[in-house]
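Participant: One structure is given below, represented as structure tokens, and several questions about it will come after.
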Amino acid sequence: MRGEQMANPDDTPPARPLDPIDRDILRMLRADGRASIRSVAERVHVSRANAYARINRLIDDGVIRGFSARVDQERAGQGSSAYITLKIVQNSWRTVREQLRQLPGASHIALVSGDFDVLLLVHTEDNRSLRELVLTRIQAIPEVLSTRTLLVFEETDLDTEL
């Protein structure tokens, strides 16, 4: 995808190095995004003001992008999941990304290298809905040259270490 530079889309400041306390805070919040400032401060052995300031700095620096709930897609009525690979017209990443963001059930979009250009994770009610999404919505995007759908049989969220 030559010709398209990967500019910082939200103009966040350059990343600052994380110290061990920052990493401990991130581990705690990944495990429990609802942890109170007090409990974070106690577990990492800093004052509440220091913990509050560090969390705000991590948010301001874009290290923490937000807080969310982990959802069991199947129990939430989304019984079919798939990774969809897309080959797209050169230099159309931004246009395609914006159209993919609008899709119902789109969960993750990545520009990648290799045999295809885009990797998209979707969750749908059933295989019929998945088929409809791929055949009538994704393949109708003019910049999409081809797709390949990989059904997900089972998923496991991993807690990654920093």
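Participant: Given R₀ = 30 Å, FRET efficiency for S146-L29 by Cβ-Cβ distance, to 0.05? Kindly include the intermediate steps, with their values, before the conclusion.
Facilitator: Working: r = 40 Å, r/R0 = 1.32.
Step by step, r from the Cβ atoms, then E = 0.15.
Participant: Then there's this: From the C-alpha gyration tensor of the stretch 1-130, pull out the three semi-axes of the equivalent ellipsoid (sqrt of 5λ each), sorted largest to smallest, in whole Å. Present the calculation step by step, with values, prior to reporting the outcome.
Facilitator: Details: eigenvalues 239, 100, 22 Å².
Output for the stretch 1-130: semi-axes of 35, 22, 11 Å.
Participant: Using a Förster distance of 22 Å, how high is the FRET efficiency between E125 and F153, based on the Cβ-Cβ distance and rounded to 0.05?
Facilitator: On the way: r = 17 Å, r/R0 = 0.77.
Efficiency at R0 = 22 Å is approximately 0.85.
Participant: Something else now. Pick out which of N91, N50, N127 has the largest mean-square fluctuation in a Gaussian network model of the chain, springs linking Cα atoms closer than 10 Å.
Facilitator: So, out of N91, N50, N127, the one fluctuating most is N50.
Participant: Rounded to the nearest 500, what is the 222 nm mean residue ellipticity of the chain from helices alone, with -39500 (n - 2.57) per DSSP H run of 4+ residues and division by all residues? Could you put the intermediate results ahead of the total?
Facilitator: Values: 5 runs with 48 residues, N = 162.
When only DSSP H runs of four or more count, the value is -8500 deg cm²/dmol.
Participant: Here's something else I'd like to know. If one computes P(r) from the Cα atoms of the stretch 12-70, what percent of pairs lie at distances over 15 Å?
Facilitator: Numbers: 750 of 1711 pairs.
Summing the P(r) tail past 15 Å for the stretch 12-70 gives 44 percent.
Participant: Moving on. Taking the dipole about the Cα centre of the chain, with the C-beta of Lys and Arg at +1 and of Asp and Glu at -1, give me whichever of A76, L18, A49 is farthest to the positive side.
Facilitator: Farthest towards the positive pole: A49.
Participant: Another question, if that's okay. Could you give the alpha-carbon Rg of the stretch 59-111 over 2.2 N^0.38 Å, rounded to two decimals?
Facilitator: 1.45
Participant: Also: First obtain the Kirkwood hydrodynamic radius of the stretch 103-152 from its Cα pairs, then insert it into the Stokes-Einstein equation at 20 °C and 1.002 mPa s, and state the resulting D in µm² per second as a whole number. Let's see the in-between values first.
Facilitator: Numbers: Rh = 11.6 Å.
In µm²/s, the coefficient is 185.
Read-outs: derived from the displayed coordinates by stated rules, not from any lab. Bear in mind the structure is a predicted one, so any value in this text is a computation, not a measurement. As a convention, Cβ positions derive from the backbone with ideal geometry for all residues, glycine included, and neighbour counts pool all protein chains shown.
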